[in-house]
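See below for the structure under consideration.
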Amino acid sequence: MQTQTAKPTPGPWTAGNLSDGWSVLDASNNLIAFIGRDDMETGDNCQADAQFIAAAPELLAELSAAVGYMRNARIDLETGAPKATAIRTLDGGLKRAETALAKFRA
């Protein structure tokens, strides 16, 4: 028996402010998540949390791209390409990952 893995709803997702919290909606305006102000000790993090959840599809895409760069760098090294080529490939992956992370570091 083959195990099936659930796939996330495709992006983009957006965060929206509501009177009682924040929602995260998909491109068709279907609710992905709701963070109510009453769900938290204080509602201060509702917006940040909703925006972080809404960025999930973009973060997944950037992580996938970074892994692709790393795999290509490994191929470069295994096939005898110059180390400089592998380093440039790794640098491309690092840049993708660091750009994605920078959006959420304060």
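Give me the percent relative contact order of the chain, please, defined on Cα pairs under 8 angstrom at least 6 residues apart.
19 percent
Select from Phe34, Ser23, Gly93 the residue farthest towards the positive end of the dipole of the chain; place +1 on Cβ of Lys and Arg, -1 on Cβ of Asp and Glu, and compute about the Cα centre.
Result: Gly93, furthest along the dipole toward the positive end.
Can you pull out the trypsin sites (Lys or Arg not before Pro) in the range 14-106 that DSSP calls coil and that have at most 11 other Cβ atoms within 10 Å?
Answer in residue order: Arg105.
Readers should treat all values here as calculations from the given coordinates under stated rules, not as data from a laboratory. What you see is a predicted model, and the numbers here were worked out from it, not measured in a lab. For neighbour counting, all protein chains shown are included, and Cβ atoms are generated from backbone atoms with ideal geometry for every residue, glycine included.
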